[in-house]
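The values are calculated or read from the model by the stated rules, or taken from the named source; none is laboratory data. Quantities reported herein were computed from a predicted structural model and do not represent experimental measurements. A quick note on method: Cβ atoms are made from the backbone with ideal geometry, for glycine too, and the neighbour counts reach across all protein chains shown. Note: areas computed on protein heavy atoms with side chains; ligands, DNA, RNA excluded. Shrake-Rupley method; radii C 1.70, N 1.55, O 1.52, S 1.80 Å.
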Amino acid sequence: MYEGAIQDLIDELGRLPGVGPKSAQRIAFHVLSADPADVNRLAGALRKVKELVRFCTTCYNVAESEQCRICRDPRRTNEVLCVVEEPKDVVAIERTGEFRGRYHVLGGAINPLEGIGPDNLRIRELLIRLGDGTVRELILATDPNTEGEATATYLALMVKPMGISVTRLASGLPVGGDLEYADEITLGRAFEGRRAV
Ligand SMILES: [Zn+2]
């Protein structure tokens with residue numbers, strides 16, 4: 001459509017999740033007319049996220065050092081571990097202020113249609129973590145949709161024989177949705193009302 005650099009930018013933006021061709025074009029022209037200082041800040045933030053951010057070696061949350069902020073916090077209990085799909089779910093649960101344990105980020109959910117099985121998620125790492133006997137309760141906070149439920153069911157089967165209490169967030173979360181879209185109060189209540197599986 002356009003020549004050179006502006007089309008390159010539209011193409012790159014169009015590859016981002018949730019950005020359609022029209023939005024890509026709108027953002028590209030916004031960048032073109034924006035203050036150079038603002039554009040440099042954006043470019044710097046894009047570069048820095050790749051340079052500085054990595055995954056916590058314990059829980060696989062995003063981190064800027066070996067371990068994430070939550071794993072480094074000595075005031076949190078090691079006895080309760082909450083399993084989530086993505087780092088954004090950690091943020092959603094932290095916002096409720098209901099949870100003082102640790103997390104384990106799977107990196108997705110079981111989804112046979114997309115070829116994602118247990119081996120593609122950090123389930124082996126979870127089982128190794130549980131192996132030392134410190135964790136007494138495992139909270140399955142995967143998304144309330146088909147893939148999240150399948151993942152929770154699979155994990156419950158794997159973990160219950162280890163003698164660890166396994167719980168699932170209470171209903172009340174919008175079914176079919178994403179954990180991150182639940183408001184703090186609903187998610188907080190779902191946490192409080194979690195039940196054994
Ligand atoms: Zn961590």
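Annotations
- Some residue of the stretch 42-52 being in contact (Cβ under 8 Å) with a residue 24 or more places away in the chain, closer than 27 Å to His104 by Cα and within 16 Å of the ligand (Cβ to nearest atom): no
- Taking the criterion of being at pLDDT below 95 and of a type in the set (S, T, N, Q), no residue of the stretch 15-61 qualifies.
- Within the stretch 94-119, being closer than 27 Å to Asp183 by Cβ and either among the hydrophobic types (A, V, I, L, M, F, W, C) or within 16 Å of the ligand (Cβ to nearest atom) (or both) holds for Glu94, Phe99, Arg100, Gly101, Arg102, Tyr103, His104, Val105, Leu106, Gly107, Ala109, Ile110.
- The numbered conditions (1) among the aromatic types (Phe, Trp, Tyr); (2) in contact with a Phe, Trp or Tyr (Cβ under 7 Å, 6 or more places away or on another chain); (3) open to solvent by 40 Å² or more (accessible area, probe 1.4 Å) are all true for Phe191 except (3).
- The residues of the stretch 70-93 that are within 15 Å of the chain's Cα centre (by Cα) and either more than 12 Å from the ligand (Cβ to nearest atom) or outside the structural domain of Arg136 (by the TED database) (or both), listed by number, are Ile70, Val83, Glu85, Glu86, Lys88, Asp89, Val91, Ala92, Ile93.
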